[in-house]
Amino acid sequence: MIQAFGLTSNSRKDLPPAVDDVSFEARAGRVTALLGATGGGKTTALRLMLELEQGRGLTYFRGRPLHRIAHPSREVGVLMGDVPGHPARTVRGHLRMLCAAAGVPVRRADEMLEAVGLVSLRDERLGTLSRGMDRRLGLACALLPDPHTLVLDDPAEGLSTRESHWLYGMLRAHAAQGGSVLFTTSEPKEAARAADHVITLEQGRLVADQVATEFARTRLRPRVVVRTPHAVRLAALLAKEARTAHRSVEVVREGGNRLSVYGSTCADVGETAFRHGVLVHQLADEIGDMGPGAGPLPGEAAEAAQDPRAGAAGPETGELLGDGALGAAGPETRDGPVAHDDFASPSGSHMRGAEVMPADPTAHGDQVPRSDQDTRSGPAEGTGHAALSPATATRAPAPLSPLAPPISVRSAPSPLRPLRYELRRAAGIGTGFLTGAAVLVTSALTAVLLARVGHTPQARLLAAWPRELPLPPAALGAGLLGALAFGDEFRHPALAADRGTVPRRLGLLTAKLFVAAVTALALALLVVGCDAEVLYLVYGRELTEVPADWLSLSASWFGLVVGCAWAGVLAAGIFRSTTAGLAAVVSVPVLVVPLVHKALDGGSVRAAAGLPARLREVLLLQWPFGGERYLAGAVRVVAQPVGGALTLSLTALLCAYLLTALRSRVR
C-alpha cells in the first residue's frame, strides 16, 4: 500500500509549485492511475514519492518511507522513462548485472526474459530495441527483485494498442497477486480502462480521487449511441434540428449503421427519428468516450476481434438501454424476437445479451469491478465501440499475463554482492577492452619513437613516458577506466530510477576501487611487457635489460597507475561525470605536482630521517621479513613530488566523497 501525504514541490522564483499539497492512497491488490495533462505534476509527484526531488510531504510504502527501507529495490520497482542501461550492453547481460546488484539468483534474469517475452532478443543490444521492447525490458527490470509495489511513469507512452494491452495485463497480474501498482497517464480513457482507481491532478492539485467506475460516470464525456439502417439520413436530420434550435450537437458516423451523438439525449434523438419515420435498432446512453474521433480504448479492437463470444453479444441478442433494461428492438426471427435466455460462458459467468455478470464476485481475487470502458458489446463494427453503463454491466476479467515465479528464498547480505555487480558492469561492454587495446598500441608506438630519438632513461622507455607529457598513456588509460566506473553509472543509472541519483554507498565504492586497482595493475604489467617485447623485436636485447633498482621502480610505476585509476573513480563519483574524473587525473601532474614541488624545494631545517625506526619504537612492532625496507620504500615514493601530489589528491577526493555521501544520507 502506498500512502502519500501533503506532497509539495519547491517553487521556483515566482512560479507556483508543480505539485501542491497532494495526498492519496494506492491500495494493495489494485491498479491506481495518476491522471493529468502534460505538465500537470504527475512526474513531479512520483519523484517526490521516490525521494528523487526535494520538497515537502511524506510517502509510506507499506508503512515505511523509502529511505527507511533496507533494500528499496525489493519493495518498490520503478520505471521512469527509457531503460537506463548502456546501449552496448545486451538484454540478458543487463538483467544479470541487476541480479548481482539486487542480490537475487542469476537465473532470475532468464525467468524475467521469459515472462516479458524477450527470450528471442536476449543477445540484442539495448540501443537496438524498439519502444515496445524497451518497455518490456523496463518492466522486467522493475519486477526483477520481486517488489511489492510498482511505480511507473507513463508506461504506455508511444506503444501500440497491442503493446499497451499486454503492459496493462502485466500490471493487473501483479496487482492480482496482492501487489500495489501506481502509474501515470495523460489519457482519461486509458486510466478508466486500465485502472481500478483514478486520481486526477490539474495544475499540480488534486481534483478527484475516485474508483474507475465513478470516474467514468462523472468525468468522461457522455454520448447517445444509435444504430439505424438510415444513418446518413438521421445524421442530417439531427444536425438540421440542432441548427434550427441553436443547440450544440455533434453527430459522428462511426461506420456502418452506427452513429454517436454528443450534446443530446435519448429522448430528443428518439423523437426526431419517430417524427421522420426512421427505423432505429438501438438507442442507448453511454459513458466512457472522450468525444468525436477519440477512437477505441487501448486493446479494445483486438479484444473484440479475438473474443469468440463477441458474436453472441451483438444487436441480434438485444441491447442495453440507458437504464440497464434489455430492449427488444433488434431484428426478429421467424418465431419472433430473439430470445434472451441465460447461457453459461466458458469462464463460468452468465451472459444476458451484452451484459456480462460473473457468477461468483470473489472468483477473481481482490479485483474490483472494472470500468465501463472494459465492457465489450457486440461484434467489431468499423471503429465503433460501445461502453456499457458501469451501474449495470461489468466485463469478465481478461486472462492475466503470466508473471515470473516469486522469490521464495533470498540470499543473505554479502559483501561480495557489489563486487559481482561491478565485475558484470565492467565486463558487460567493450569500452574497457577497447581502452586497454588503445593504451597498449599507443604505448608501444611511443616507446619505439622514444628509443629511436634516444636520450630517454630506460625506466621511462619501458613506461612509454616522454618528459613532455604529464602522464604516460597507461596512467591516462587507467584514469579513464576509473572515471568510467562511476561516469557510466550517472550516464546510464541502472542502479537508480533517475539520472543523477546513483547511491553513494561505501560498499559500491570499495568494489569499484578494487576492480579499478586490479584493472590498473593488469594494464601496467601489460604495457611494460608489451613495450619490452616491441623494443626487443625492433632494436634488440640492449633496451630490455632489467634495471638494478627494479623493485622501487616497479612500486612507483604500479602506485602511479593505481593512483590515477582511483583518482578517476573518486572524482567521477563526486562530480557525477566521466569528464570530471579524467580532468582530476590530469590535474594531478599539471597543478598539484608543481605546488608540492615548490613546497619541497623551500628551505628546511629538519629532516625525516629514521622515520621507520621511530615508528617501530612508537608502535612496539617488529617488522617481519624486512618490513622496514618496504616501509622506507613506500615513504620514499610518497616523498617524491608526483607520489606526494597523488597521495594528497586521493586523500582530498576520498574525504570529499565521504562528505558528499554523508550529506546525501542526512538529507
In the range 35-54, anything of a type in the set (Val, Ile, Thr) and without any contact (Cβ under 8 Å) to a residue 40 or more places away in the chain is listed as none
Suppose we keep only residues that are part of a strand (DSSP E or B) and out of contact with any Ser or Thr (no Cβ under 9 Å at 6 or more places or on another chain) within the range 49-77. Which one would you say is surrounded by the most Cβ atoms within 10 Å (Cβ to Cβ)? 59
Please go through (1) at negative phi; (2) of a type outside the set (Phe, Trp, Tyr); (3) surrounded by fewer than 18 Cβ atoms within 10 Å (Cβ to Cβ) for residue 42 and return the number of the only condition it doesn't satisfy. (3)
Kindly provide the set of residues from the range 222-252 that are surrounded by 15 or more Cβ atoms within 10 Å (Cβ to Cβ) and either out of contact with any strand residue (DSSP E or B) (no Cβ under 6 Å at 6 or more places or on another chain) or charged (D, E, K, R) (or both), ordered by number. 223, 227, 228, 230, 234, 237, 241, 242, 249, 250
Being in contact with a helix residue (DSSP H, G or I) (Cβ under 7 Å, 6 or more places away or on another chain), within 18 Å of residue 44 (Cα to Cα) and of a type in the set (A, V, I, L, M, F, W, C) is the filter here, so list the residues in the range 184-204 that pass it. 198, 201
For residues that are at pLDDT 95 or above and either among the β-branched types (Val, Ile, Thr) or under 13 Å from residue 203 (Cβ atoms) (or both), scanning just the range 23-39, find the one that is surrounded by the most Cβ atoms within 10 Å (Cβ to Cβ). 31
Top-ranked residue of the range 168-189 - restricted to ones that are outside any strand (DSSP E or B) and over 20 Å from residue 147 (Cα atoms), ranked as modelled with the highest pLDDT: 186
Pick from the range 190-212 the residues that are part of a helix (DSSP H, G or I) and crowded, with 24+ Cβ neighbours inside 10 Å: which of them is farthest from the chain's Cα centre (by Cα)? 212
Please go through the range 213-231 and pick out each residue that is in a strand (DSSP E or B) and free of Cβ contacts under 8 Å to residues at least 60 places away in the same chain. 226
Output the helices (runs of 4 or more DSSP H) that fall wholly within the range 79-161 and possess 1 or more residues being in contact (Cβ under 8 Å) with a residue 12 or more places away in the chain, of a type in the set (Gly, Ala, Ser) and surrounded by fewer than 19 Cβ atoms within 10 Å (Cβ to Cβ), or say none. 131-143
Boolean, residue 234 is in a strand (DSSP E or B), out of contact with any Gly (no Cβ under 7 Å at 6 or more places or on another chain) and touching a residue at least 12 places away in the same chain (Cβ under 8 Å): no
Would you point out which residue out of 495, 469, 449 is in a helix (DSSP H, G or I) and either closer than 18 Å to residue 578 by Cβ or out of contact with any Cys (no Cβ under 8 Å at 6 or more places or on another chain) (or both)? 449
Residue 76 being farther than 23 Å from residue 127 by Cβ, among the hydrophobic types (A, V, I, L, M, F, W, C) and not assigned by TED's automatic domain parsing to the domain that holds residue 486: yes
From the options 565, 517, 580, 548, residue that is buried (at least 24 other Cβ atoms within 10 Å of the Cβ) and either in the same structural domain as residue 659 (by TED's automatic domain parsing) or of a type outside the set (Val, Ile, Thr) (or both): 565
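The values are calculated or read from the model by the stated rules, or taken from the named source; none is laboratory data. If you're wondering where the values come from, they're calculated on a predicted model, not measured in any experiment. Every residue, glycine as well, gets a Cβ built from its backbone with ideal geometry; the counts of neighbours run over all protein chains shown.
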